[in-house]
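The values are calculated or read from the model by the stated rules, or taken from the named source; none is laboratory data. No experiment lies behind these values; they were computed from the predicted model shown. Neighbour counts are summed over all protein chains in view; Cβ atoms, including those assigned to glycine, are modelled from backbone coordinates with ideal geometry. Areas reflect the complete protein model, heavy atoms only, side chains present, ligands, DNA and RNA absent. Shrake-Rupley method; radii C 1.70, N 1.55, O 1.52, S 1.80 Å.
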Amino acid sequence: MISSFVPENLEINSEFLNSNHFDLYNFVYSITSKSRLSCICIKLNEEATLVEHWERITNEIAIEFISNLNDSFSKWNCYLIFICPRAVSKEIKYKIENDKFAIRKIVIDDIKKQLTEDEISKLLNERILSSNIRLAQKMTSNSKDNVSLSDVANRILNVDIPLDASDNSIEQRKSWIGEEIERIRINENQTS
């Protein structure tokens, strides 16, 4: 199963964003039930509008959305995508995309057609999740079986422990690791 960004209605109560009638699209990619990547896409018609408003848009999203997120993983994994149908100069793109305040920013320009939500989702999956990259599986001539994960690897993939840096989450991870080490130690001693 390939994971991807899906449209979701994020709560952004910004009078500025609503009063300027920006085309706003929201997408979410869930890592766990508590941690996720959020992507806010704003369509602006031209470079001049982008230059005039990108900092204010960033501030509004930081105040009205990011500050309300509960875990640090989700706060640090937000993206603000500016979509512009016309070309944007390299200098402006560089300035915006390298600005470190509040949120990661990407400028997607020179889009000649109106994008649907599915097309925006596909674009995000390629740019952020690298869904367009295919890894070739290298198999030896002796290999007949598919690669399978160990019991520990499967348990890591299925555990639902928060990924943020709060003391409680760190303690949950330490506790889980301690339990796993003890489980493995007991299992190894039983087979000896």
Taking helices (runs of 4 or more DSSP H) that fall entirely within the range 1-100, which contain at least 2 residues that are over 22 Å from residue 129 (Cα atoms), in contact with a Phe, Trp or Tyr (Cβ under 7 Å, 6 or more places away or on another chain) and not assigned by the TED database to the domain that holds residue 172? 47-64
Please go through the range 149-166 and give me each residue that is open to solvent by 60 Å² or more (accessible area, probe 1.4 Å) and either of a type in the set (A, V, I, L, M) or modelled with pLDDT of 85 or more (or both), ordered by number. 149, 156, 157, 163, 165
Give the residues of the range 1-22 that are within 28 Å of residue 89 (Cβ to Cβ) and in contact (Cβ under 8 Å) with a residue 60 or more places away in the chain, sorted by residue number. 5
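Quick test for you: out of 134, 86, 127, pick the one residue that is farther than 30 Å from residue 167 by Cβ, at pLDDT below 80 and among the basic types (Lys, Arg).
On the way: 86 fails: at pLDDT below 80; 127 fails: at pLDDT below 80.
Being farther than 30 Å from residue 167 by Cβ, at pLDDT below 80 and among the basic types (Lys, Arg) holds for just one of 134, 86, 127, which is 134.
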Of the residues in the range 41-73, those that are of a type in the set (A, V, I, L, M), buried (at least 17 other Cβ atoms within 10 Å of the Cβ) and under 17 Å from the mean Cα position of the chain (by Cα) come to 42, 61, 66, 69
